[in-house]
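The values are calculated or read from the model by the stated rules, or taken from the named source; none is laboratory data. Keep in mind that what you see is a predicted model, and the values were worked out from it rather than measured. Please note: Cβ atoms are built from the backbone with ideal geometry, for glycine as well, and neighbour counts cover all protein chains shown. Ligands, DNA and RNA are stripped out before the accessible areas are found, and what is left, the full protein with its side chains, is counted by its heavy atoms. Shrake-Rupley method; radii C 1.70, N 1.55, O 1.52, S 1.80 Å.
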Amino acid sequence: MSDDDRHREKMAKRKAVQDAEVASKTIEKGLLIVNTGPGKGKTTAALGLALRMLGRGHRVGVVQFIKGAWDTGEARALKTFGDRIAWHALGEGFTWETQDKARDIAACRNAWEQARALMADASIRLLVLDELNIALRYDYLDLDTVVAELQARRPDLHVVVTGRNAKPALIEAADLVTEMGSVKHHFSAGVKAQEGIEF
């Protein structure tokens, strides 16, 4: 038997296994997705899903809990989709910049109310809750309430939660959790945040 024939036979067997695996998955539902970990790319991955959903003709909501002060490339780009994107940057900057706990809590509560409104909007198919994990980490929102409301969302709504240090209760409730590791980061070598990469 030639190398090509062996390869074809091996790939045919692999395809049969793969096809059977795919065929066994029959549930369709809105997913609760958590992007966490110390590595870069949590929001970037969530916004990649937003772009994919927009490309499929669906409406997307984005609520940013801590971020908000920066003029970002992703906000500019996604806003070109007009009313198909509901973009709400409701944070006032990183907690070490505001240095006002009461103000941070109020901003997070306001952002959560906006998130709840978007969860109730039947036209939204994907909701990105950017840096919600940070708001939960600092107890700016009640964890049990947030998890319960995420679990009680309508069945076809996908939600992506981003931010470091996801709480165990949220991880337990999620359908998909990705932890982004930090192997190497240019910031450690003195490279500043750059347009088009960080914002």
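What to note about this one:
- The range 115-199: GluC sites (Glu not before Pro) falling in loop per DSSP and having at most 16 other Cβ within 10 Å: E195, E198
- Protection proxy ranking of 35-45, 113-123, by the mean of other Cβ atoms within 10 Å over each peptide's residues and highest first, is 35-45, 113-123.
- Net +/- balance of residues flanking S182 in space, Cβ distance below 13 Å, scoring K and R +1, D and E -1: +3
- Accessible surface calculations at 1.4 Å, restricted to protein heavy atoms, place the chain at 60 Å² per residue.
- For the range 7-14, Karplus couplings with θ = phi - 60° (6.51, -1.76, 1.60), whole Hz, Gly/Pro x: 4, 4, 5, 4, 5, 5, 5, 5
- Rounded, prolate or oblate (a/c below 1.5 giving rounded, otherwise prolate when a/b exceeds b/c) for the range 149-199 by Cα gyration tensor: prolate
- For L32, the amide hydrogen comes within under 5 Å of the amide hydrogens of V159, D175, L176, counting only partners 5 or more places away or on other chains and with H modelled in the peptide plane.
- 14 Å beta-carbon shell around M119, net charge (K/R +1, D/E -1): +1
- Among T43, Q18, G91 the positive-end extreme of the charge dipole of the chain (Cβ point charges): Q18
- Gyration tensor verdict on the range 76-199 (Cα atoms; rounded if a/c is under 1.5, prolate if a/b is larger than b/c, oblate otherwise): rounded
- Pairs exceeding a 22 Å alpha-carbon distance, out of K15/K40; K42/K67; K15/K42; K101/K184; K40/K101; K25/K167: K15/K40; K15/K42; K101/K184; K40/K101; K25/K167.
- Computed from phi, the 3J(HN,Hα) profile of the range 51-66 under the Karplus parametrisation 6.51, -1.76, 1.60 (θ = phi - 60°) reads 5, 4, 5, 4, x, 8, x, 9, 8, 10, x, 10, 10, 9, 8, 10 Hz, with x in place of Gly and Pro.
- Separation between Cα centres of the range 14-93 and the range 138-181, rounded to whole Å: 14 Å
- Evaluated with a Cβ-only charge set (Lys, Arg +1; Asp, Glu -1), the chain carries a dipole of roughly 440 debye about its Cα centre, given to the nearest 20.
- Neighbourhood charge, 12 Å Cβ-Cβ cut-off, centred on G30 and excluding it, Lys, Arg +1 and Asp, Glu -1: +1
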